[in-house]
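Engineer: Have a look at this one.
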Amino acid sequence: MHPPQMRARARALRAHGHDIRSVARTLSLPYTTVWHWCVDRPEPATFGPALRCFRCSPDVDTPTDSAAYAYLLGVYLAGGHLVTTDRVPVLRVYCSDAWPDLIDAVAAAMKAVLANKVQHIQKQGCVAVQSTDRHWPCLLPQHGPGKKHERPIVLADWQRPIIESDPGHFLRGLFHSDGCRLANRVTVRGKEYVYPRYMFSNRSTDIMSLCQWALDLLGISWRMNLSWSLSVARRDAVAALDRHVSPKS
């Protein structure tokens with residue numbers, strides 16, 4: 001059985017004007033299979049999303065908005081989940097009511113990457129920002145059963161160049177989900193000192209490693225104060241991270 005991405009790619013080529021034979025030759029598929037997908041049982045409704053999904057569209061290799069994708073990937077890895085057991089996959093990110101601008105930022109990123117429509121489902125103390133689309137699994141291959149910290153989280157080969165070219169937005173997504181900027185207070189010889197500090201907490205060692213990698217790409221120093229908690233505290237490092245991670249509001 002061929003994956004949904006292959007069917008979507010065939011239909012996208014057909015929508016661009018390719019005949020059945022050329023589509024079959026391009027994708028190394030039997031003529032009858034492509035005919036069945038595109039003529040016998042065409043699904044025009046999938047053409048639009050398939051063309052927006054850069055993993056399925058034959059003419060697009062990278063996101064049309066790499067910054068939005070990097071941000072959304074960070075938000076998803078740190079604090080979102082993708083439900084694939086429903087008839088249509090659902091990408092969902094929970095945002096606290098205390099951060100209305102964060103809610104808008106997540107919704108805007110979903111729309112910039114793939115979604116035609118984003119829903120806001122009010123919960124107690126938070127809002128579930130969600131989008132349904134069959135192509136979310138194409139763009140977020142880290143989805144899977146179970147909790148993220150109990151299974152491997154590894155970037156696909158095509159994802160790494162996106163983050164390497166835009167680590168700041170990826171970090172912004174991570175810190176907006178599982179991080180914070182706070183005023184750290186220390187007392188030395190009876191005198192109190194206050195300085196800003198970033199914290200990022202995540203129980204997944206793989207996601208923590210991705211955060212460390214992105215910080216290293218930007219030359220921002222960090223240290224682990226716990227096995228699941230990272231700190232950015234040096235004055236120059238905080239200033240550098242400020243240029244990429246805007247405060248949640």
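The values are calculated or read from the model by the stated rules, or taken from the named source; none is laboratory data. Note that the coordinates shown come from a computational prediction; the quantities given were computed from them, not determined experimentally. Every residue, glycine among them, receives a Cβ derived from its backbone with ideal geometry; neighbour counts consider all protein chains shown. Ligands, DNA and RNA are excluded from the accessible area calculation, which covers all protein heavy atoms including side chains. Shrake-Rupley method; radii C 1.70, N 1.55, O 1.52, S 1.80 Å.
Engineer: Can you name every residue in segment 158-202 that is open to solvent by 30 Å² or more (accessible area, probe 1.4 Å), touching a residue at least 40 places away in the same chain (Cβ under 8 Å) and in contact with a Pro (Cβ under 8 Å, 6 or more places away or on another chain)?
Structural biologist: Listed by number, the list holds a single entry, ARG181.
Engineer: Follow-up. Evaluate the following for HIS149: is it in a helix (DSSP H, G or I), open to solvent by 30 Å² or more (accessible area, probe 1.4 Å) and in contact with a helix residue (DSSP H, G or I) (Cβ under 9 Å, 6 or more places away or on another chain)? Don't jump to the end; show me each part of the working.
Structural biologist: Details: in a helix (DSSP H, G or I): yes; open to solvent by 30 Å² or more (accessible area, probe 1.4 Å): yes; in contact with a helix residue (DSSP H, G or I) (Cβ under 9 Å, 6 or more places away or on another chain): yes.
Criteria met by HIS149.
Engineer: Looking at the structure I just gave you, is GLN124 farther than 15 Å from CYS53 by Cβ and at pLDDT below 95? Give the steps one after another, and end with the answer.
Structural biologist: Working: farther than 15 Å from CYS53 by Cβ: yes; at pLDDT below 95: yes.
So GLN124 fits the description; yes.
Engineer: Okay, moving on. Just to be sure before I move on: is SER28 modelled with pLDDT of 65 or more, on the phi > 0 side of the Ramachandran plot and not β-branched (Val, Ile, Thr) in the structure I sent?
Structural biologist: Numbers: modelled with pLDDT of 65 or more: yes; on the phi > 0 side of the Ramachandran plot: yes; not β-branched (Val, Ile, Thr): yes.
Judged against the criteria, SER28 is a match.
Engineer: So ALA107 ticks every box in (1) modelled with pLDDT of 95 or more; (2) under 16 Å from PHE175 (Cα atoms); (3) assigned to a helix (DSSP H, G or I) but one. Which box is left unticked?
Structural biologist: Failing condition for ALA107: (2).
Engineer: Run down SER177, SER131 and say which single residue is more than 12 Å from the chain's Cα centre (by Cα) and among the polar types (S, T, N, Q). Full working, then the answer.
Structural biologist: Working: SER177 fails: more than 12 Å from the chain's Cα centre (by Cα).
Every option except SER131 fails the conditions.
Engineer: Which residue pairs have Cβ atoms under 7 Å apart, sit 6 or more places apart or on different chains, and have a first residue in segment 127-145 that is touching a residue at least 60 places away in the same chain (Cβ under 8 Å) and a second that is of a type in the set (Phe, Trp, Tyr)?
Structural biologist: Every condition considered, the pairs that remain are LEU140/TYR76.
Engineer: Here's something else I'd like to know. Taking the criterion of being open to solvent by 70 Å² or more (accessible area, probe 1.4 Å) and under 21 Å from ARG9 (Cβ atoms), would at least one residue in segment 111-119 satisfy it?
Structural biologist: Taking every residue of segment 111-119 in turn, at least one turns out to be open to solvent by 70 Å² or more (accessible area, probe 1.4 Å) and under 21 Å from ARG9 (Cβ atoms).
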